[in-house]
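A.B. asks: Below you will find the structure I want to go over with you.
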């Protein structure tokens, strides 16, 4: 079972729970044990309804936020996590977003060439 903060968006929570169902055959986008290659079940989820996937696939959407970065090693856009801490409760923290230096760092990698 996944724990969510009470402030976490209900539709986002529902999407994550549907994608992470313990039984793979019960996950969103799976019908009769087969993954729907179109992804329509996922695309039509309440949380994603406002996204124009046609424009997204063609990179025609404007990004909602462009982070400011000073260099390829700038990590100011990331949440600080104390790796020495044994504390597991992250309730009340801000979500971790892959932005800034991480994207810049890996943008030239062949695996991400078409992003």
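What follows draws every value from the coordinates through simple rules; no lab data is involved. It should be emphasised that the depicted structure is a prediction, and the values quoted were computed from it without experimental measurement. Cβ: placed from backbone, ideal geometry, glycine included. Neighbour counts: every protein chain shown.
A.B. asks: Can you give the Kirkwood hydrodynamic radius of the stretch 1-62 from its Cα pairs, in Å with one decimal?
C.D. replies: 13.1 Å
A.B. asks: Separate question: Mind giving me the FRET efficiency for residue 30 and residue 79? R0 is 30 Å, r the Cβ-Cβ distance, nearest 0.05 is fine.
C.D. replies: According to the calculation, E is roughly 0.40.
A.B. asks: For an R0 of 30 angstrom, estimate the FRET efficiency from the Cβ-Cβ distance between residue 21 and residue 52 and round to the nearest 0.05.
C.D. replies: For residue 21 and residue 52, the calculated efficiency is 0.65.
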